[in-house]
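Notes for the one structure printed next.
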Amino acid sequence: MIEEKTQRERKGIQKCPECGSIHIRYDHMRGESVCEKCGAVLSESMIDFSQEWRAFDEDQRSKRVRTGAALTPTKHDEGITTEIGKGRGELFKVSSRKRAQYYRLTKWHKRLIKSKDRNLSFAFSELQRLISYLHLSRAIHEKVAKLYQHAVNRGLVRGRSTESIIAALLYTTCREEGAPRTLDEISKASGINRRDIGKTYRYISRKLKIRILPAKAQDYIPRFGSLLGLSERVQVRAVDILNDATTFDVTSGKGPIGVAAAALYISAVLEGEKKTQREVADAIGVTEVTIRNRYKEIVETLGIREEVEEKVREEEDESK
């Protein structure tokens with residue numbers, strides 16, 4: 001008996017625990033294995049790990065795909081919940097006899113949704129809008145969604161504005177992921193006062209034990225360079241200038257946005273893509289005085305003041 005069982009296991013033959021039959025049928029449509037003799041379901045919700053069908057265009061992919069969309073934390077139901085009807089237009093796709101019944105089903109479906117799901121649905125629609133407005137990555141989108149769900153589960157959202165919590169978590173995550181956005185940018189996109197965002201940010205960071213290091217000026221260079229239309233060469237040199245300034249402790253205690261703006265201005269002048277301090281200030285959102293002060297500190301410490309001023313004079317002479 002033992003030898004027979006061992007041989008069966010070696011061959012991979014499954015045996016029904018109810019009747020002992022080895023005639024097991026695998027239903028790939030239902031994802032179940034069923035005993036043909038007694039009808040016992042031995043396993044269910046089986047996953048098919050075989051290779052997916054090849055598809056060379058969208059039409060073939062829609063016909064051959066065997067699975068739904070991937071799970072995503074950016075939706076309140078992770079993208080797997082069904083919904084009875086989307087909008088009033090769906091009501092007229094059914095016969096006139098069934099419309100009343102269809103309408104009642106739709107109404108009760110909405111009523112039975114939990115308050116938590118309604119909260120998440122509203123919050124994630126606001127998050128989607130901010131992500132699109134600020135041109136942020138999918139990684140940041142998913143991380144903010146997970147953090148918000150964690151905050152909801154801990155009861156941190158109750159009594160507070162959903163928009164302010166989403167804005168605060170977005171500000172936090174952007175800094176964590178090395179793609180920082182200023183409070184003014186987040187405030188403009190969300191319509192929430194920057195003071196309220198800062199207050200909520202401190203509260204959420206304390207409760208969720210999120211420790212955020214100060215943003216570095218280097219992290220702002222790619223985005224500010226893109227806003228000013230500067231080349232990659234200018235951006236690389238600006239990062240080098242900031243690295244040198246950091247070794248001399250020039251940037252310590254200074255606002256990273258103003259320092260990044262000054263470094264881009266210096267780099268643009270040295271690389272022949274000169275921008276005026278007013279142009280840089282208007283594009284980035286700082287004052288000309290801030291850029292001028294950071295500019296003087298950097299060029300004097302690095303010993304490149306004469307070189308920069310000579311470049312400025314040459315361009316002024318050429319423009320005349």
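The values are calculated or read from the model by the stated rules, or taken from the named source; none is laboratory data. Only a predicted model underlies this, so the values are computations on that prediction, with no experimental measurement involved. All Cβ positions, glycine included, derive from the backbone under ideal geometry; neighbour counts span all protein chains shown.
Observations
- Qualifying helices (runs of 4 or more DSSP H) (wholly inside the stretch 257-320; at least 2 residues being under 20 Å from residue 240 (Cα atoms), β-branched (Val, Ile, Thr) and free of Cβ contacts under 8 Å to residues at least 40 places away in the same chain): 288-302
- The single condition from (1) surrounded by fewer than 22 Cβ atoms within 10 Å (Cβ to Cβ); (2) free of Cβ contacts under 8 Å to residues at least 40 places away in the same chain; (3) closer than 15 Å to residue 288 by Cβ that residue 236 fails is (3).
- The residue list 199, 207, 216 contains one member that is in contact with a helix residue (DSSP H, G or I) (Cβ under 9 Å, 6 or more places away or on another chain) and under 14 Å from residue 147 (Cα atoms), which is 207.
- Residue in the stretch 150-160 that is in contact with a helix residue (DSSP H, G or I) (Cβ under 6 Å, 6 or more places away or on another chain) and outside the structural domain of residue 223 (by TED's automatic domain parsing) present: yes
- Here the stretch 140-179 is the region considered, the condition is being of a type in the set (A, V, I, L, M) and in contact (Cβ under 8 Å) with a residue 60 or more places away in the chain, and the residue that is surrounded by the fewest Cβ atoms within 10 Å (Cβ to Cβ) is 147.
- Flag not set for residue 253, criterion: assigned to a loop (DSSP other than H, G, I, E, B) and over 30 Å from residue 172 (Cβ atoms).
- Taken together, the residues in the stretch 165-211 that are among the aromatic types (Phe, Trp, Tyr) and under 18 Å from residue 153 (Cβ atoms) amount to 1.
- Qualifying residue in the stretch 240-257 (condition: among the aromatic types (Phe, Trp, Tyr), assigned by TED's automatic domain parsing to the domain that holds residue 306 and surrounded by fewer than 22 Cβ atoms within 10 Å (Cβ to Cβ)): yes
- Of all the criteria given as (1) in the same structural domain as residue 147 (by TED's automatic domain parsing); (2) touching a Leu at 6+ places or on another chain (Cβ under 9 Å), the one not satisfied by residue 224 is (1).
- Which listed residue, of 288, 310, is over 19 Å from residue 226 (Cβ atoms) and more than 41 Å from the chain's Cα centre (by Cα): 310
- The combined condition, being of a type outside the set (Ser, Thr, Tyr), assigned to a loop (DSSP other than H, G, I, E, B), crowded, with 20+ Cβ neighbours inside 10 Å and not assigned by TED's automatic domain parsing to the domain that holds residue 166, is fulfilled by residue 230.
- Here the stretch 106-116 is the region considered, the condition is being loosely packed, with under 13 Cβ neighbours inside 10 Å and not basic (Lys, Arg), and the residue that is farthest from residue 188 (Cα to Cα) is 108.
- Flag for residue 182 being in contact (Cβ under 8 Å) with a residue 60 or more places away in the chain and either in the same structural domain as residue 194 (by TED's automatic domain parsing) or of a type in the set (A, V, I, L, M, F, W, C) (or both): yes
- Boolean, residue 244 is among the charged types (D, E, K, R) and more than 26 Å from residue 183 (Cβ to Cβ): yes
- Scope the stretch 24-35; condition surrounded by 13 or more Cβ atoms within 10 Å (Cβ to Cβ) and assigned to a loop (DSSP other than H, G, I, E, B); matching residues: 31
- Boolean, residue 209 is at pLDDT 90 or above, basic (Lys, Arg) and surrounded by fewer than 17 Cβ atoms within 10 Å (Cβ to Cβ): no
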